[in-house]
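A short reminder: the numbers here are calculations on the coordinates, not readings from a lab. Small disclaimer: the values here were computed from a predicted structure and weren't measured. Ideal geometry is used to build each Cβ from the backbone, glycine not excepted, and the neighbour counts take in all protein chains shown.
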Amino acid sequence: MDLYFFRHGQTKGNKEKRYVGSTDESITNEAVQKLGFVNAPNVDIVYSSPLKRCIQTSSIVFPNNKIVIINEIKETDFGDFEYKNYEELKNNPNYILWLESGGKIAFPNGEKPEEFKNRCISAFNEIINNMIKNNYNKSAVVTHGGVIMAVFEKFYGGNFYDYQIKNGDCILCDFDINANKFLSIKRINNE
């Protein structure tokens, strides 16, 4: 099975290097223009996060496809760090602890990393089951950077941060349902 994982187009918060998780903001006008030039692959269906930035990206890149909203592939809740950037957080003792942990401890008043990863993995399994049930061979998943990192860490190996991806970019992967893993991945830069 071929899957195309697209990270949503850039938002104002992304441009300002903020932790944009549960904040439901739109993509920028510049992102709309860039996404309009993406050479979208032919897919059977598009699975999207419920947040505006993903729905907008899905509609621009895949205007002729059915879009199925999957609530569980929304970005993590950054809690007290939500919509703040490094400059605003650099002296916060909780932020320093979080950085020193390598991002492995929970965000204060936010989502725990393991709960987030488990949510993403469960949602991905639901997507695979839906593809099998409907005999889909090619699908797109339009979601967030953290979701992509969680899924690829689980199903391709390596470290969570190995799979960081820029806004609007894509990772094409070949998923083997028998082995329950990605056999290959290819990064696609859409700039």
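Of all beta bridges that DSSP places with both ends in segment 33-191, some 50 percent have antiparallel geometry. Most tightly packed first, judged by the mean number of other beta-carbon atoms within 10 Å of their residues, the peptides 55-63, 118-126 read 55-63, 118-126.
The charge dipole of segment 100-191, taken about its Cα centre with unit charges on the Cβ of Lys, Arg, Asp and Glu (plus for the first two, minus for the last two), comes to roughly 200 debye. Modelled spin-label separation between Ile96 and Phe37, with each label point placed 7 Å from Cα along the Cα-to-Cβ direction: 4.4 nm. Between helix 113-134 and the chain there is an angle of about 10 degrees, using the helix long axis and the longest principal axis of the Cα atoms. Along the axis of the charge dipole computed for the chain (Cβ charges of +1 for Lys and Arg, -1 for Asp and Glu, origin at the Cα centre), the listed residues Tyr4, Gly146, Val20 are led at the positive end by Tyr4. The peptide list 172-184, 78-90, put in order of mean Cβ contacts within 10 Å with the highest first, becomes 78-90, 172-184.
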